[in-house]
Amino acid sequence: MFMSISTTGTAENPATDLGFLLHKHPGKVQRFSTAHGEAHVFYPEADAEACTAALLLDVDPVALVRKGRGKGRAGSPDFALAQYVNDRPYAASSLLAVALRTVFRTAMKGVCEARPGLADQPRPLRITLPAVPVGGAPGEGAAVAMAVRLFEPLGWRVEASAIPLDTAFPEWGESRYVRLELSAERGRLADALQQLYVLLPALDGAKHYWVAPDEVDKLLAAGEGWLAGHPERALITRRYLSRRWTLTRRAMERLELARLAEADDREVEEVDNAVDDTTEPTRDQAQDQEQQRAPSLAEQRRTAILDALRETGAARVADLGCGQGELIAALLKDARFTEVLGVDVSVRALSAAARRLRLDRMPERQASRVRLVQGALTYTDARLKGFDAAVLCEVIEHLDLPRLPALEYAVFGAARPSAVVVTTPNAGYNVRWESLPAGRLRHADHRFEWDRAEFRGWADRVAAVYGYTVDIRPVGPGDAEVGAPTQLALFRLDHDGAADAVPANAVTMDSTTPDEGGETR
């Protein structure tokens with residue numbers, strides 16, 4: 001099993017810097033023990049103008065089979081029919097990916113202590129793999145096409161040629177192996193090694209070891225910075241994880257979260273913050289607390305939302321920014337709501353909602369009424385279309401004001417339900433909260449809070465632009481001077497009116513498919 005990495009250079013930036021990047025001296029032949037054989041690193045050429053490092057992996061196929069016995073589902077699937085006659089000593093598969101991690105671990109991290117800053121400098125790269133297996137790609141030219149699909153979006157120039165089954169019998173056609181050469185005028189070596197670590201097993205579609213849950217963490221670590229934005233990320237994830245659907249779904253949810261965070265130029269932790277880290281009360285404690293106190297503001301808010309929805313006659317409702325599913329639970333208690341969709345950008349929130357709703361134990365008829373999906377409300381999403389009503393319960397104040405027009409278009413312009421219910425804090429009431437310092441917002445993640453006049457101005461503008469009428473209502477204990485703590489707007493689609501043109505600053509993006517969007521049932 002063989003792979004070479006080549007680069008070019010000048011007298012000022014010699015190609016032999018490759019030795020510093022790989023942490024392997026160009027003047028030596030070095031040997032490393034791996035779990036399944038011996039790996040050898042040597043340099044066929046090494047001077048200022050051109051340098052090539054070669055990795056030769058000498059696999060013991062008999063020892064590999066013996067190590068695989070009794071693990072997982074009877075060992076690796078590739079050995080089910082051919083225990084001792086196989087391609088593993090010769091084809092660049094997951095064995096080579098593991099060897100890369102073993103031999104070039106420091107290089108994959110982009111660390112070069114001997115030459116600080118060198119690892120971050122892009123340089124010409126050419127990677128040659130004489131034999132790469134491509135599984136599950138039937139048809140003439142399919143193996144080559146698969147290699148191009150996975151590597152080309154990353155900026156590689158891909159030269160791939162199919163290897164015939166037998167050169168003496170060309171009529172037999174192509175094998176599932178390709179000769180692969182990747183080249184880039186400017187690229188970071190660490191990025192190239194990380195991409196090979198993920199894409200070699202993904203091309204093969206199988207691994208020589210049992211895929212455990214920690215493979216999700218390995219995938220996301222190696223794919224950081226490039227996998228979330230790859231157009232074939234769903235395909236890569238499925239194949240890398242050997243089509244273990246539970247692990248694939250978990251990885252896709254986290255990748256989608258990373259993609260949405262990058263699109264909003266925020267950290268993942270900032271996006272996935274809809275769940276507090278505090279311990280939730282048990283069910284009995286919650287019931288005791290409920291019996292001992294008056295309805296909380298949150299409960300009054302849910303009651304007001306339910307009343308507004310019933311008033312519109314809505315049957316299919318989308319809870320946008322559903323959080324931990326409190327409103328969804330209330331909606332499911334009323335049989336008039338025949339379909340409920342919960343949408344949130346936070347994976348943690350969706351998991352908490354699934355636990356709260358007991359989706360895994362819910363009767364089939366009840367479960368058919370509810371779906372939880374991951375998505376960002378600042379992008380158009382085909383999954384939101386066709387609902388009678390949408391709810392934005394304490395959501396808009398969590399957006400930066402420049403992003404608010406994007407949400408307006410995604411909900412009122414693209415999804416366009418017959419009714420939209422929006423609730424948000426009334427900033428004027430904040431003076432009545434004794435524990436809230438003057439000038440502070442009610443929640444650390446709130447980006448703004450409006451008083452009654454500001455909310456009325458926003459609601460009237462949105463209604464006029466998108467062809468709705470709007471009714472503003474107070475929620476919670478009223479105050480003659482500052483109003484109620486929460487304000488609710490009920491928008492109804494004005495079928496006789498026409499919406500204005502789409503605002504210039506509206507952000508549009510096609511929705512991902514349900515599988516790629518992190519749907520949770």
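Descriptive notes on the structure:
- Distance between the 7 Å Cα→Cβ label points at I472 and E45: 7.4 nm.
- Note that the stretch 89-103 has calculated 3J(HN,Hα) couplings of x, 10, 9, 6, 10, 5, 4, 5, 4, 5, 5, 4, 5, 6, 7 Hz, one per residue in order, obtained from phi through the Karplus relation 6.51 cos²θ - 1.76 cosθ + 1.60 (θ = phi - 60°); glycine and proline are x.
- Residues in the stretch 384-400 reached by a label modelled at H443 [backbone nitrogen below 20 Å; 7 Å Cα→Cβ]: 390-400
- Gain on full stretching of the segment that runs from E364 to R105 - 0.36 nm per residue minus C-alpha separation: 88.4 nm
- Gyration tensor verdict on the stretch 322-436 (Cα atoms; rounded if a/c is under 1.5, prolate if a/b is larger than b/c, oblate otherwise): oblate
- Qualifying trypsin sites (Lys or Arg not before Pro) in the stretch 330-419, where qualification requires a DSSP coil assignment and no more than 12 other C-beta atoms within 10 Å, comprise K333, R336, R358.
- When D204, D479 are compared by accessible area at a 1.4 angstrom probe, the order from most to least is D479, D204.
- Pairwise label distance in nanometres, A212 with D460, each label 7 Å out on the Cα-Cβ vector: 6.4
- In plain terms, the chain from T246 to D58 could stretch by 64.3 nm, reckoned as 0.36 nm per residue minus the Cα-Cα distance.
- Q30-S351 FRET efficiency (beta carbon distance; Förster radius 45 Å; 0.05 resolution): 0.50
- Projected label distance in nm at R186 and L436, using a 7 Å step from Cα toward the beta-carbon: 5.0
- Residues of the stretch 421-441 falling in the label zone of A480, defined by backbone nitrogen less than 18 Å from a point 7 Å along Cα to beta-carbon, are 429, 432.
- In order along the stretch 44-59, phi translates into HN-Hα couplings of x, 9, 7, 8, 5, 8, 8, 9, 10, 10, 10, 10, 10, 10, 9, 8 Hz, rounded to whole numbers, per the Karplus curve 6.51 cos²θ - 1.76 cosθ + 1.60 with θ = phi - 60° and x for Gly and Pro.
- Annotation for the stretch 97-149 versus the stretch 150-177: alpha-carbon center distance of 17 Å.
- Rg of the Cα atoms in the stretch 120-218, relative to 2.2 N^0.38 Å, amounts to 1.19.
- Largest to smallest principal axis extent of the C-alpha atoms in the stretch 165-204, angstrom: 41, 23, 9
The values are calculated or read from the model by the stated rules, or taken from the named source; none is laboratory data. Bear in mind the structure is a predicted one, so any value in this text is a computation, not a measurement. Methodologically, a virtual Cβ is constructed for each residue, glycine included, from the backbone with ideal geometry; neighbour enumeration extends over all protein chains shown. Areas reflect the complete protein model, heavy atoms only, side chains present, ligands, DNA and RNA absent. Shrake-Rupley method; radii C 1.70, N 1.55, O 1.52, S 1.80 Å.
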